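Worksheet: the structure to be examined is printed underneath.
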Amino acid sequence: MNCARYILIRLCAPREYHVESSRFILALTGWALGPGAAAGPAFPLRPSPDGRYLVDSTGVPFFDHADTAWQLPKKATLAVAEEYFDRRVKDGFTAIQFHTVSKEIAPVCNLNGDEPFVPLEDILKPNEAYWRHLDAILEAGEKRGLFVSIAALWIRWSGQDKEGWRSQLTEDNARPYGRFLGQRYAARKNILWILEGDANPGEKQKAISLLAQGLKETAPHHLTTVHNAPEHSSAAFFAGESWLDINAAYTYRETYGHVLSEWSRAYPNQRPRPIFLIESGYEHESNDQRPGDPFRVRRQAYGAILSGALMGHAYGHRELWRFSGQWRQGLDDVGSKQMRHVKELFAARAWWKLEPDNDSRLVVGGRGQAGEVDYVTAAVAKDGSFAILYLPQARPITADLTRLSPGADQKVGVAWFNPTTGGSSRGKGSPLPPTANREFIPPGKKASADNDWVLTLESAGSATPSKSEHGERAPR
């Protein structure tokens, strides 16, 4: 093992991972094995027994750390798609989301001139040439261990349906179209189907359910979710549907409020659905007149995960979702590169144990006002083994360390994690006795203009178990 790979394993792996199988280590560092190397989870994925996160077919928790490339199948050759996948695997991403077909940016055809349907208005008449190109892209993604979230039919509504396929989806053709997709991609095990598309269902609610049913009839191992309008999760309209596997959160506000409300959602006589932040502000884009800067994309990722999005989150960039001529530059943009640190922080811990500190029993002082940019989000492992707090702005906060469970005569390890660099430093006086109301002051100013920090509190001497409470092994 070379030095770089050893350092990465030591950085990302919890204490117990040295006894875990080499399969995990290969999954974590598979990008170092070369382009196209098989890595990642044992597909297919499924919700955990408690409905809070995803596990693979062997029970290993899976963290969906996604990049957004909506226009990829239309804009990329197979060689370019492979280049993009290889780079995103190397960058630490575990998932990619994109459209099957799209009208959002003209033309509708792919770069080979193939339209998805012939005639274009009939979704039950697929053009084989178009779909063969998508077949190859999906195969390339699965070979690289990537989980792909693909929009079955983006039916966004914009006045005259200029941006979606809303008028083409009907209660007559929805189920057959779902069967077509399921049959064609049944051999693929790494798929999450995104239904709807940036709009609430309205008069199409029954048709969307029929589309989902057609998919489940022909590919029951594929997962399904719904992408509604901003501030409306999948469960807002489909909570009672048995086919809804994932609850996708979508907001342009501070993400923690929307996600936390979904964490608390009641599902009568059903388990919860894993929550995933499918979309929020994109880097270099300001749909809501707020800047799409690196601070924002960091803030919304940490805020969502610590508020209950234990399945994971999706990062977005203006040039990447459009797959424009500047997509390679987008890969190296500041916020894009800093997403690696999100993965590193959570992959090094049993993130699937986290529960949001929504009652402020952990953060008892300095938290800020809910709804504001600088509000501190926090979560505690249900067994008290660790806690993570995200401070959008550096200021003193007070935490009740009795919320942790270090065990008799043991202390709490304290560290500050820099989300802009991925570096960490020991907190003052660490380790500390588990006493109530301990004040913590972040380190001094960072090299960057932003001054957000992550505080980790970990029970010294308590090993993170190699299995979750449900028997799952250490994560991907």
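None of the figures in this text is laboratory data; all of them are computed from the coordinates on show. Source: prediction; values computed, not measured. Cβ: placed from backbone, ideal geometry, glycine included. Neighbour counts: every protein chain shown.
Before moving on, here are some points about what is shown:
- Placing R0 at 25 angstrom, the Cβ-Cβ distance between Arg132 and Asp172 gives a FRET efficiency of 0.40 after rounding to 0.05.
- Globularity index of the chain is 0.96 (Cα radius of gyration / 2.2 N^0.38 Å, N = number of residues).
- Expected 222 nm ellipticity per residue - DSSP helices of 4 or more, -39500 (n - 2.57), all of the chain, to 500: -7500 deg cm²/dmol
- Separation of segment 328-347 and segment 137-210, taken as the distance between their Cα centroids, equals 28 angstrom.
- Nonlocal amide H pairs with Gly427, under 5 Å, H built at 1.01 Å: Val414, Ala415, Trp416
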